[in-house]
Amino acid sequence: QVQLVEYGGGLVQAGGSLRLSCAASRTIFSIGFMGWYRQAPGKQRELVAVIVRSGGTNYADSVKGRFTISRDNAKNTVYLQMNSLKPEDTAVYYCQASVTGTSYWGQGTQVTVSS
């Protein structure tokens, strides 16, 4: 079991940057899959970026080249660096971890990008 807490969201102008953090309640070294998802009003939750234990990453096409996911095992934290933000990036962003086949979610953090 793991508890996840996201922080770092906020209001930013288009073209700006934010860094989201996801702090885990236990070591993430052995967690094979961690990801960031987002959900905009009236839309389904969608995958933004994932990082696996080996450090491999994958991104949604809409954020490739702008967002970077990383993990710091020593701090039990996963990050999402978001650059060149667009109004369409506005959403609640959630951290997710897969542990022995079970998904755990944080409470989410709001990101609002103004035009």
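We did not get these values from a lab; they are worked out from the coordinates using the rules stated. Everything numeric in this text was worked out from a predicted model, so none of it was measured. All Cβ positions, glycine included, derive from the backbone under ideal geometry; neighbour counts span all protein chains shown.
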*Net +/- balance of residues flanking A24 in space, Cβ distance below 15 Å, scoring K and R +1, D and E -1*: +2
*asked:* As an exercise, identify the trypsin sites (Lys or Arg not before Pro) in segment 12-63 lying in DSSP coil whose Cβ has no more than 14 other Cβ atoms within 10 Å.
replied: R26, K43, R53
*May I ask you to compute the full-extension gain from W105 to K64, defined as 0.36 nm times their residue separation minus their alpha-carbon distance, rounded to one decimal in nm?*
12.5 nm
*Once you put a point 7 Å from the Cα of V52 and another 7 Å from the Cα of Q39, both along the Cβ direction, what distance in nm separates them?*
2.7
*With charges only on Cβ, +1 for K and R and -1 for D and E, what is the dipole size of the chain about its Cα centre, in debye, rounded to 20?*
140
*Can you tell which of G35, G101, G55 shows the greatest fluctuation in a Gaussian network model of the chain with Cα springs below 10 Å?*
G101
*asked:* Test of understanding: in a Gaussian network model of the chain with alpha carbons linked when under 10 Å, which of A91, A23, A40 would top the mean-square fluctuation ranking?
replied: A40
*Regarding segment 1-103, what is the average projected area of its C-alpha convex hull, in nm²?*
6.4
*If you build a Gaussian network model of the chain, linking Cα atoms that sit under 10 Å apart, which residue out of L20, L47, L11 swings the most?*
L11
